[in-house]
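The values are calculated or read from the model by the stated rules, or taken from the named source; none is laboratory data. Being a predicted model, the structure only gives us computed values, none of them experimental. Virtual Cβ from ideal backbone geometry, glycine too; neighbours counted across all protein chains shown. Accessible surface areas use protein heavy atoms only, side chains included; no ligands, DNA or RNA. Shrake-Rupley method; radii C 1.70, N 1.55, O 1.52, S 1.80 Å.
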Amino acid sequence: METEFEKNTWVINYSPENYNNHQFSLQDNIILSKGDKSVTWVNTYGLEYMDEFRRMVLENNLDDFLLRLLLNQKMGNKVIELEELLFVAARIVKTEHDSLESEQMFFVVAKDFIWCIQEKRGDHFDWIRQRIFENKGIIRKKRADYLLFFILETLITNYKDKYEESIEMENSMDIILKQEPTPEFMFEVEKKKSMLNEFKKASHGLRDIIIKLERVQMKGFHNKYSSELREQLNGLINDIDSDINELESQINLFFSIQGHRLNEVMKTLTIFSVIFIPLTFLAGIYGMNFENIPELRWPNGYFILLGLMLVVTVVSIIIFKRKKWF
């Protein structure tokens, strides 16, 4: 009876002459190293099959330390050299989802096989499989280290494509200056910053793996491909850093302009207040209900007071203009 592990595992075995692609069988495909010029690529979706993992390790006489490594499903990014074996753990971003969920991936790499274990179903490796099936390029003439290079390059390319699709930096200052600092606007800003930092964190994690792969001295494993991957990641990280700096610069400019606008409003209100304070003072004095206010009996007192108010207003405006407060 077919197990859940077998339902979620596929195997491709290829050589320069031919290839086989089918669902995995513990009975027929458990031996990963064929002892010939072929390369075996096993892809498992799911981390919960520890009984099957143990059987795979024991049947292939692999280092049993692998079992302890596979038990740690929150390992992050690691590169560990074992006896004629390489263990790579990568915490990657699922670029096929807008939520940018992460998943743990494990790679067990020897000179003639790769066992790839993914936490969640779905990947972007179909183009690699197609190249194997159609015998395009030199992939079928190379060993497992070249296949690992292709897989890691695909992860980097997916990061680049998803990043370019997701990021929409607002370069038009007119659009920025028309925005208001509403809670919705601030939420969008924080969401964009979070997305940028998520890509940056994932890219740094992959770069750490590539740097460690460049130092690997395992027999049959060539790390010459790693330098190209490191250059691609450095370019992506530089782009992300540049966009983060641009976003922060635009945010600072936005709030600086908003602060300037507020200052201008407060300045205008202050000027009007200064002008009307003496007028209010005069109106307040002659609005008091005392009988002994001689000016109240002047025939032209009303017009004299209005004239005085006008003089005070004109003098205030002249002073403000000379001080260039307008």
Open item on the list: Kindly evaluate ASN223 against the criterion of being among the polar types (S, T, N, Q), modelled with pLDDT under 80, closer than 30 Å to ARG143 by Cα and not in a helix (DSSP H, G or I).
Closed with: yes
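For ARG215, state whether it is open to solvent by 40 Å² or more (accessible area, probe 1.4 Å), closer than 27 Å to VAL93 by Cβ and in contact with a helix residue (DSSP H, G or I) (Cβ under 6 Å, 6 or more places away or on another chain).
no
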- [ ] Hey, could you check the stretch 1-33 for residues that are closer than 20 Å to ARG55 by Cα and among the charged types (D, E, K, R) and say which is least open to solvent (accessible area, probe 1.4 Å)?
- [x] GLU6
Task: Filtered residues of the stretch 145-161 (kept if touching a strand residue (DSSP E or B) at 6+ places or on another chain (Cβ under 8 Å) and more than 18 Å from LYS212 (Cα to Cα)) - done: TYR159
Open item on the list: Out of everything in the stretch 292-307 that is open to solvent by less than 70 Å² (accessible area, probe 1.4 Å) and part of a helix (DSSP H, G or I), what residue ends up being modelled with the highest pLDDT?
Closed with: GLY307
- [ ] Being open to solvent by 10 Å² or more (accessible area, probe 1.4 Å) and among the hydrophobic types (A, V, I, L, M, F, W, C) is the filter; apply it to the stretch 34-68 and report the residue that is farthest from TYR19 (Cα to Cα).
- [x] PHE65
Task: For SER172: the one exception among (1) exposed (fewer than 15 other Cβ atoms within 10 Å of the Cβ); (2) of a type in the set (Ser, Thr, Tyr); (3) modelled with pLDDT of 85 or more - done: (3)
Open item on the list: Looking only at the stretch 143-154, filter to residues that are hydrophobic (A, V, I, L, M, F, W, C) and open to solvent by less than 10 Å² (accessible area, probe 1.4 Å); which one of those is nearest to LEU236 (Cα to Cα)?
Closed with: LEU152
TODO: Being acidic (Asp, Glu) and open to solvent by less than 80 Å² (accessible area, probe 1.4 Å) is the filter here, so list the residues in the stretch 229-247 that pass it.
DONE: ASP241, ASP243, GLU246
TODO: Could you please tell me which pairs satisfy a Cβ distance under 9 Å, a separation of 6+ or placement on different chains, a first residue in the stretch 215-234 that is at positive phi, and a second residue that is open to solvent by less than 100 Å² (accessible area, probe 1.4 Å)?
DONE: GLY220/ALA110; GLY220/ASP112; GLY220/ARG143; GLY220/ALA144; GLY220/ASP145
- [ ] Would you check which residues across the stretch 111-132 are modelled with pLDDT under 90 and crowded, with 21+ Cβ neighbours inside 10 Å and list them?
- [x] ASP123
Open item on the list: Given (1) touching a residue at least 24 places away in the same chain (Cβ under 8 Å); (2) open to solvent by 70 Å² or more (accessible area, probe 1.4 Å); (3) hydroxyl-bearing (Ser, Thr, Tyr), identify the lone condition not met by THR280.
Closed with: (1)
Open item on the list: Is it the case, given these coordinates, that LEU310 is assigned to a helix (DSSP H, G or I), of a type outside the set (Phe, Trp, Tyr), at pLDDT below 80 and open to solvent by 80 Å² or more (accessible area, probe 1.4 Å)?
Closed with: no
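Considering each residue of the stretch 313-326, count those that are among the charged types (D, E, K, R) and part of a helix (DSSP H, G or I), and give that number. Break it down stepwise before answering.
Applying the first criterion (among the charged types (D, E, K, R)) to the stretch 313-326 yields 321-324.
Then drop every residue that is not part of a helix (DSSP H, G or I), which leaves 321-322.
Number satisfying all stated conditions: 2.
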Open item on the list: Could you list, ordered by first residue, the pairs with Cβ atoms under 6 Å in which the first is in the stretch 26-52 and modelled with pLDDT of 90 or more and the second is small (Gly, Ala, Ser) and open to solvent by 10 Å² or more (accessible area, probe 1.4 Å), at least 6 apart or interchain?
Closed with: SER38/SER15
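Suppose the filter is free of Cβ contacts under 8 Å to residues at least 40 places away in the same chain, aromatic (Phe, Trp, Tyr) and out of contact with any Gly (no Cβ under 8 Å at 6 or more places or on another chain); does PHE255 pass it?
Spelling it out, it is not the case that PHE255 is free of Cβ contacts under 8 Å to residues at least 40 places away in the same chain, aromatic (Phe, Trp, Tyr) and out of contact with any Gly (no Cβ under 8 Å at 6 or more places or on another chain).
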